[in-house]
Amino acid sequence: MTFRSIVALLTLSHAGLAQAPPSTPRANVSVAPVGLIDSAELASFVDTLIAAQMAKENIPGAVFVLVRDGRILYQKGYGFANIARRQPVDPERTIWRIGSISKVFTATAIVQLADRGRLRLTDDVNSYLTRFKVPGTFPQPVTFQHLLTHTAGFDEIRPGTRAETAAGVLPLGDFLAKRLIRLRPPGRTISYSTYGVTLGGFLVEQISGMDFETYLTRNVWRPLAMNRSSIVVPDSLRADLAQGYEYDNGVNKLADWEWYHTTPASSINASATDMGRFIIAHLQNGRSGNVRVMSARASFDMHRQHATSHPGLAGFAFGFYEEFTNGERLLEHGGNVEGFSAQLTLIQARGIGFFIASQHEPARLREVVQSALLNHYFPVKSKPPPAVPMPGYRERAARFAGTYELNQFCHSCGLGRREFPRIEVRANGDGTISITGNPDPLVEVAPLFFRRVTGTGGAAFQEDATGRVTVLAGDSWLVFERIK
């Protein structure tokens, strides 16, 4: 996840909030019978929605696929995969960069290996590392579970994750050997970690005896007939690779290709149809047709919550992060690299999942589509009751005021805190607090836990040993450190 994509996401999550993004036209927030998705009606709804948002953001091309009950219900390409060649987007053929959605594939591979008895998710990863070890900075070992829930406690060292050329991409072991710096005891704090997932991919190599891409090809992509998924796009498919673009000064300009040393966290490419097949396997408890890539037991365990900053907030499953919207639990992951933006979302209880991708790294298309789909097919059922403040909340509000920064910056780089924007928490005269990017004030309803006064959405604070408030957490990966 890069700076530009983080800027657009720095508000605390609206858990349960039935509110479309401001850019979503009112016509796109109509309501369908709850949960009923008909392919013809979906086509009419989503085609209009995507076309309007693409025009608003000057996006050349996009793709959408929705799965229901074990089959692809609807898929369509929009606009151009390549402007110069006037090459239309084809959902079956066009290959997209999916960025950090790669982390879900890495998690799938690790859970699959555990399911086959090659490892236990509670094992110390050092038991499987021979070339180097995770440093013994803390007495608690780092486990596979920590890697898959972003709770291993590694520093997020930047810059340095990118290579200048394809030939310059380092083998995973070479890249990681001296870059695993432990900041926190494992299991204590969520901090979205490229390094944790990359180490997971290296462990897949160590345990399976094959390189990461070969493992995915043999154990995930080929069994699921995902024949247009790869890390290194083969020459035979390069003509179908979407061209990345960024909109600058009124022009769609060619985006640079980004090569990453952190391959398992960043570098998969796939067609929308392939992503639909991957969604089917996850929604069908590890099975697609007659093919099973993991047991139902392993699939259930992968998809349940394993970490959260507070019981009242959404957290992490293995590889997926949670979101609760309109009473629905979503499992999802976004992906951004230069020139591209993508989103994978599962609504497990409904047997529904979808994938959307487009050009423009900071594009809002995926958020607009997801919000509109949820409001249209799964509207909020009732207005939640207003938040009830805890005793003494007025006197306590000032404790939380301060400046906070997303905890994903590099603490050991000596560069200062310059990569991410900051947010401010302000104590209001009525005992509520206001947080940058959130339109409604929040009130403390339990020690260190706040809800919006409207009763939707929340935030949790954490204290250090001295009782000083040091952390502000929202849903899943949104965790901020207090800096003043």
Which condition number in (1) of a type in the set (Ser, Thr, Tyr); (2) free of Cβ contacts under 8 Å to residues at least 24 places away in the same chain; (3) part of a loop (DSSP other than H, G, I, E, B) is the one that THR189 fails? (2)
For MET210, indicate whether it is open to solvent by 20 Å² or more (accessible area, probe 1.4 Å) and either without any contact (Cβ under 8 Å) to a residue 24 or more places away in the chain or not polar (S, T, N, Q) (or both). yes
Restricted to segment 322-347 and to residues being in contact (Cβ under 8 Å) with a residue 40 or more places away in the chain and open to solvent by 20 Å² or more (accessible area, probe 1.4 Å), the residue nearest to SER271 (Cα to Cα) is GLU338
Could we say that GLN87 is under 29 Å from PRO223 (Cα atoms), surrounded by fewer than 24 Cβ atoms within 10 Å (Cβ to Cβ) and in contact with a helix residue (DSSP H, G or I) (Cβ under 9 Å, 6 or more places away or on another chain) here? no
Subset of segment 388-447 [within 30 Å of THR161 (Cβ to Cβ) and touching a Gly at 6+ places or on another chain (Cβ under 7 Å)]: ILE423
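Return yes when ALA265 is under 30 Å from PHE175 (Cβ atoms), crowded, with 23+ Cβ neighbours inside 10 Å, hydrophobic (A, V, I, L, M, F, W, C) and free of Cβ contacts under 8 Å to residues at least 60 places away in the same chain and no when it is not.
Working: under 30 Å from PHE175 (Cβ atoms): yes; crowded, with 23+ Cβ neighbours inside 10 Å: yes; hydrophobic (A, V, I, L, M, F, W, C): yes; free of Cβ contacts under 8 Å to residues at least 60 places away in the same chain: no.
It is false that ALA265 is under 30 Å from PHE175 (Cβ atoms), crowded, with 23+ Cβ neighbours inside 10 Å, hydrophobic (A, V, I, L, M, F, W, C) and free of Cβ contacts under 8 Å to residues at least 60 places away in the same chain.
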Can you tell me which residue within segment 268-298, out of those that are among the polar types (S, T, N, Q) and in contact (Cβ under 8 Å) with a residue 24 or more places away in the chain, is most open to solvent (accessible area, probe 1.4 Å)? GLN284
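Residues of segment 168-178 being part of a loop (DSSP other than H, G, I, E, B) and crowded, with 17+ Cβ neighbours inside 10 Å, which ones?
VAL169
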Quick one: count up the residues across segment 135-167 that are touching a residue at least 60 places away in the same chain (Cβ under 8 Å) and open to solvent by less than 30 Å² (accessible area, probe 1.4 Å). 9
Mind telling me which of the residues THR432, THR454 ends up being modelled with pLDDT under 90 and farther than 20 Å from TRP477 by Cβ? THR454
Here is a check on your reading of the model: is THR122 under 22 Å from LYS178 (Cβ atoms), assigned to a loop (DSSP other than H, G, I, E, B), hydroxyl-bearing (Ser, Thr, Tyr) and free of Cβ contacts under 8 Å to residues at least 60 places away in the same chain? no
Filtering segment 372-394 down to residues that are open to solvent by less than 30 Å² (accessible area, probe 1.4 Å) and of a type in the set (A, V, I, L, M) yields ALA372, LEU373, LEU374, ALA387
For the structure I just gave you, tell me whether PHE318 is within 22 Å of PHE144 (Cα to Cα), crowded, with 24+ Cβ neighbours inside 10 Å and touching a residue at least 40 places away in the same chain (Cβ under 8 Å). yes
Among the candidates LYS76, LYS103, single out the residue that is modelled with pLDDT of 95 or more, open to solvent by less than 10 Å² (accessible area, probe 1.4 Å) and among the charged types (D, E, K, R). LYS103
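Which of the following residues is touching a residue at least 24 places away in the same chain (Cβ under 8 Å), more than 30 Å from LEU49 (Cβ to Cβ), among the β-branched types (Val, Ile, Thr) and not in a helix (DSSP H, G or I): THR106, THR130?
THR130 is the lone residue from the list that is touching a residue at least 24 places away in the same chain (Cβ under 8 Å), more than 30 Å from LEU49 (Cβ to Cβ), among the β-branched types (Val, Ile, Thr) and not in a helix (DSSP H, G or I).
The values are calculated or read from the model by the stated rules, or taken from the named source; none is laboratory data. What you see is a predicted model; the values in this text were computed from it and never measured. Note that we place each Cβ from the backbone using ideal geometry, even for glycine, and neighbour counts take in every protein chain shown. The area values use the complete protein model at the heavy-atom level, side chains included, leaving out ligands, DNA and RNA. Shrake-Rupley method; radii C 1.70, N 1.55, O 1.52, S 1.80 Å.
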